[in-house]
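Worksheet: the structure to be examined is printed underneath.
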Amino acid sequence: MASTTNAAATIEDIQRDMLALRSDMAKLAGQVTEVLSNGGGEAIARLKERVGEMQDGLDETLSDVGARSREALGDVSDRIGDALQDSIQEHPLTTIGLAVGLGFLFGATWRR
């Protein structure tokens, strides 16, 4: 149950990061509008610098999102594996019957 909670917390962290990224992109759009209005060379240099900073932040955020996603998927797959192992130990015939039924279902679907 703890791994499910960790996965949910990780997903919430990813959502917060994406909202922060969206906010940063909105700020950047405002700055671009300001630069285009002013038209100065100094403003363009500041904009280039800010775009570089945003790109670095975006790269870092995407890297974090990827790592968190992999971690969440690992937690979920571990939980599913544990549940499957428990099911096999507690109800071996039912689990085998379910596996055969799912195999038949996937096989019938695959042929279509």
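Any read-out appearing in this document is the output of simple, stated calculations on the displayed coordinates, not a laboratory observation. Predicted, not measured: the structure shown is a model, and the values here were computed from it. Every residue, glycine among them, receives a Cβ derived from its backbone with ideal geometry; neighbour counts consider all protein chains shown.
Assorted remarks:
- Count of segment 72-112 residues, restricted to those that are more than 24 Å from Thr10 (Cβ to Cβ) and either in a loop (DSSP other than H, G, I, E, B) or touching a residue at least 24 places away in the same chain (Cβ under 8 Å) (or both), is 2.
- Which listed residue is more than 30 Å from Ala8 (Cβ to Cβ) and out of contact with any Lys or Arg (no Cβ under 6 Å at 6 or more places or on another chain), from Gly52, Gly66: Gly52
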